[in-house]
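Undergrad: Once you've had a glance at the structure underneath, I'll fire off some questions.
The values are calculated or read from the model by the stated rules, or taken from the named source; none is laboratory data. None of these values were measured; they are calculated from a predicted model. Note that we place each Cβ from the backbone using ideal geometry, even for glycine, and neighbour counts take in every protein chain shown. Remember, those area values only see protein heavy atoms, side chains included, never the ligands or the DNA or RNA. Shrake-Rupley method; radii C 1.70, N 1.55, O 1.52, S 1.80 Å.
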Amino acid sequence: NAGVTQTPKFQVLKTGQSMTLQCAQDMNHEYMSWYRQDPGMGLRLIHYSVGAGITDQGEVPNGYNVSRSTTEDFPLRLLSAAPSQTSVYFCASSYSWVRGTDTQYFGPGTRLTVL
Amino acid sequence: DAKTTQPTSMDCAEGRAANLPCNHSTISGNEYVYWYRQIHSQGPQYIIHGLKNNETNEMASLIITEDRKSSTLILPHATLRDTAVYYCIVRASNTGNQFYFGTGTSLTVIP
């Protein structure tokens, strides 16, 4: 198993550009989520999905869109990048929310800089 | 979800036990205590979780007080590779699997 994969590893954008951060998992996990981590801070939840076709907002959803058309993929879209979105982005997945099967597995992260 | 309070940083001598405390005084009956760690800007890694009984696995032990208002993560024989930020999280099992991370405890294992 590759686990949770994220692409790209690094990205530099100009203000106003759009892009999509890719996240994929090959563990047949129902739950997937996106976090951002600013320097010296903990992780903050952006969006999450409890299954294909179902998404919901986390703590800091503004400026980001998500969709979940397949179980494996959960892309994060920045429609108009802003310098405040400079951060490290982590994708995570877990089998379900049931105790014993809710361990979250994290990807290696995407380091995004918006100029 | 209940809030957690952790010390900002701690040191531990290599080979000794590392005891990382966490306060969660507002925890409710259906909330679990989870511990994750993040090594050098990598993605966080699951360590252990529990509800009210003490738990042990190959990585660590989790001691939860009887009133459940605090817990301690124990790394029995700390190594240099255990240097990381450790996050204590409390979460209800029916909240769609959101995990809310704080700023955690930065543990430095000293040779």
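Undergrad: Can you give the accessible area per residue of chain A, in Å², using a 1.4 Å probe? Provide the component values of the computation, followed by the final result.
TA: Values: 5320 Å² over 115 residues.
With all protein chains present, chain A gives 46 Å² per residue.
Undergrad: Karplus couplings for the range B:83-91 from phi (6.51 cos²θ - 1.76 cosθ + 1.60, θ = phi - 60°), rounded to Hz, Gly and Pro as x?
TA: Result, rounded to whole Hz: 4, 5, 9, 10, 10, 9, 10, 10, 8.
Undergrad: How big is the B/A interface in buried accessible area, both sides summed, 1.4 Å probe, to the nearest 100 Å²?
TA: Numbers: alone 6310 and 6220 Å², together 10720 Å².
In total, this chain pair buries about 1800 Å².
Undergrad: Follow-up. For the protein assembly as shown, what is the charge dipole size about the Cα centre, in debye to the nearest 20, if Lys and Arg each add +1 at the Cβ and Asp and Glu each add -1 at the Cβ? Could the numbers behind the result be given before it?
TA: On the way: 16 positive and 17 negative charges, 94 e Å.
In debye, rounded to 20, the protein assembly as shown gives about 460.
Undergrad: Testing the spin-label approximation: label points 7 Å from Cα along Cα→Cβ at residue A:38 and residue A:54. State their distance in nm.
TA: Going from the residue A:38 label point to the residue A:54 one covers 3.2 nm.
Undergrad: Would you mind working out the accessible area per residue for chain B, using a 1.4 Å probe, and quoting it in Å²? Spell out each step's value before the answer.
TA: Values: 5390 Å² over 111 residues.
Per-residue value: 49 Å².
Undergrad: Moving to a separate point now. How do the peptides A:75-87, B:3-15 rank, highest first, by the average count of neighbouring beta carbon atoms within 10 Å per residue? Please report the intermediate quantities before stating the final value.
TA: Values: A:75-87: 15.8, B:3-15: 14.2.
Packing order, densest peptide first, comes out as A:75-87, B:3-15.
Undergrad: Using the Karplus curve 6.51 cos²θ - 1.76 cosθ + 1.60 with θ = phi - 60°, what ³J(HN,Hα) values do you get for each residue of the range A:12-25, in whole Hz, with x for Gly and Pro?
TA: 10, 10, 9, 3, x, 6, 10, 6, 10, 8, 9, 9, 9, 9
Undergrad: Turning to a different aspect of this structure: Sticking with the crude label model, points 7 Å out along Cα→Cβ, report the distance from residue A:7 to residue A:65 in nm, one decimal please.
TA: 2.2 nm
Undergrad: While we're looking at this one, here's another question. Taking the Kirkwood radius as the inverse of the mean 1/r across Cα pairs, report the Rg/Rh of the range A:9-59. It would help to have the intermediate numbers written out before the result.
TA: Details: Rg = 13.2 Å, Rh = 13.1 Å.
Rounded to two decimals, Rg/Rh equals 1.01.
Undergrad: Please name which of A:90, B:20, B:34 has its Cα lying farthest along the dipole of the protein assembly as shown towards the positive end, using unit charges on Cβ (Lys, Arg +1; Asp, Glu -1) and the Cα centre as origin.
TA: Of the options given, the answer is A:90.
Undergrad: Tell me, what % of the accessible area of chain B is carbon and sulfur with a 1.4 angstrom probe? Don't skip to the answer; put the middle values down first.
TA: Values: 2620 of 5390 Å².
Answer for chain B: carbon and sulfur cover 49 percent of the accessible area.
Undergrad: Hey, another quick one. In the neighborhood of residue A:93, defined by Cβ-to-Cβ distances under 10 Å, what is the net charge if each Lys or Arg adds +1 and each Asp or Glu adds -1? Kindly include the intermediate steps, with their values, before the conclusion.
TA: Values: positive: none; negative: A:26, A:30, A:72.
Taking every other residue near residue A:93 into account, the sum is -3.
Undergrad: So, one more: On average, how many beta carbons from a partner chain sit within 10 Å of the beta carbon of a residue in B:33-46? Write out the running numbers ahead of the final one.
TA: Numbers: counts 0, 3, 0, 4, 0, 6, 0, 0, 6, 5, 16, 10, 4, 7.
For peptide B:33-46, the averaged partner shielding equals 4.
Undergrad: Strictly under 4.7 angstrom between C-beta atoms: which cysteines of the protein assembly as shown have no such partner?
TA: B:12
Undergrad: Tell me the Kirkwood hydrodynamic radius of the range B:19-66 in angstroms, computed as one over the mean inverse distance between distinct C-alpha pairs.
TA: On the way: mean 1/r = 0.0837 Å⁻¹.
Across the range B:19-66, the inverse of the average 1/r is 12.0 Å.
Undergrad: Using the charge dipole of chain B (Lys, Arg: +1 at Cβ; Asp, Glu: -1 at Cβ; taken about the Cα centre), state which of B:8, B:101, B:75 has its Cα farthest towards the positive end.
TA: Positive-most Cα among the choices belongs to B:101.
Undergrad: Taking all protein chains as present, what is the carbon and sulfur share of the accessible area of chain A, in % to the nearest whole number, probe 1.4 Å?
TA: Values: 2790 of 5320 Å².
On chain A, the fraction of accessible area on carbon and sulfur atoms equals 52 percent.
Undergrad: Magnitude of the Cβ-charge dipole of chain B, K/R +1 and D/E -1, about the Cα centre, nearest 20 debye? Walk me through the intermediate numbers first.
TA: Working: 8 positive and 9 negative charges, 29 e Å.
In total the dipole reaches around 140 debye.
Undergrad: Can you give the FRET efficiency to the nearest 0.05 for residue B:13 and residue A:26, using r as the Cβ-Cβ distance and R₀ = 35 Å?
TA: Numbers: r = 40 Å, r/R0 = 1.15.
Rounded to the nearest 0.05, the efficiency is 0.30.
Undergrad: Starting at the first residue of the range B:58-71, write each ³J(HN,Hα) from the Karplus equation 6.51 cos²θ - 1.76 cosθ + 1.60 with θ = phi - 60°, in whole Hz, x for Gly and Pro.
TA: Working through the residues one at a time gives 5, 9, 6, 10, 10, 10, 10, 5, 4, 7, 6, 7, 8, 8 Hz.
Undergrad: Out of residues 5 or more away from residue B:106 or on other chains, whose amide H comes under 5 Å of its own, with H placed 1.01 Å from N in the peptide plane?
TA: Long-range HN contacts for residue B:106: B:9, B:10, B:86.
Undergrad: For peptide B:102-110, how many partner chain Cβ atoms fall within 10 Å of a residue's Cβ, on average?
TA: Details: counts 3, 4, 3, 0, 1, 0, 0, 0, 0.
Counting other chains' Cβ atoms within 10 Å and averaging over B:102-110 gives 1.
Undergrad: Right, next: Along the Cα→Cβ direction, 7 angstrom out, place labels at residue B:108 and residue A:14. What is the inter-label distance in nm?
TA: Output for this residue pair reads 4.2 nm.
Undergrad: One quarter of the convex hull surface, Cα atoms only: what value does that give for the protein assembly as shown in nm²? Don't jump to the answer; show the numbers that get you there.
TA: Values: hull surface 48.3 nm².
So the mean shadow area of the Cα hull is 12.1 nm².
Undergrad: Among A:13, A:55, A:67, whose Cα lies farthest out toward the positive end of the dipole of the range A:1-72, if unit charges sit on the beta carbon of Lys, Arg (+1) and Asp, Glu (-1)?
TA: Projecting each Cα onto the dipole axis, the largest value belongs to A:13.
Undergrad: Quick one: dipole size for chain A, taken about the Cα centre, charges +1 on Lys/Arg Cβ and -1 on Asp/Glu Cβ, in debye to the nearest 20.
TA: Values: 8 positive and 8 negative charges, 76 e Å.
Computed about the Cα centre, the dipole is about 360 debye.
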